[in-house]
Amino acid sequence: MELSLPFIESNSLALERIATKLQDLQTSQTSLLKTVNSESEKLERIPFLQNILDTFSQIELYHQKTLQLKKNLIATGERSHRLRKRVEKLQVKRQSEEIALAEKRERDMERERQLQAKVNISSNTKT
C-alpha cells in the first residue's frame, strides 16, 4: 500500500481528467440515445412508412421475378435460334431433294425420248 500511494498521488490529476472526460462522454451518449429514440418514435408515427417498408421488402421478390423472366427470355431466344437453324437446314435439304427429283424426271424423260426415237427408227426400218 505504501508503494501504491505515491503512484496514485502522482497520477491523481490525470485520473481526475479522465473521470471528467468519461462523465462528459456518458452525458453526450445519453443525449444522443434520447435523440435517436425520439427520431425513431417520430418515424414510427408516420402512417405511410409501413407502405414504404412493405414496398422495399417486395423489391427483392420483384428482382427475383425479373431475373427469372430474363433467364426465360434468353432460353426462348436460344431455342428460337436453334429452330431457325433447323428450318434453314430443312429448307436447304428440301430444295436439294426437289432439284434431285427434277433432274431425275429430266433424265427419265430423256430416256423416254431416246427409247421412242429407237422405237420409231426400228419401226421405220421395218416398213
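If you run the Gaussian network model on the chain, springs between alpha carbon atoms under 10 Å, then out of Lys34, Lys21, Lys65 the most flexible one is Lys21. Alpha-carbon geometry of the chain: the Rg and the Dmax are 49.0, 160 Å, given in that order. For the chain, modelled as a GNM whose springs connect Cα atoms under 10 angstrom apart, the maximal fluctuation among Glu41, Glu112, Glu88 occurs at Glu112. Across the alpha-carbon atoms of the range 60-127, the computed radius of gyration and Dmax are 29.1, 99 angstrom.
A short reminder: the numbers here are calculations on the coordinates, not readings from a lab. Computed from a predicted structure; not experimentally measured.
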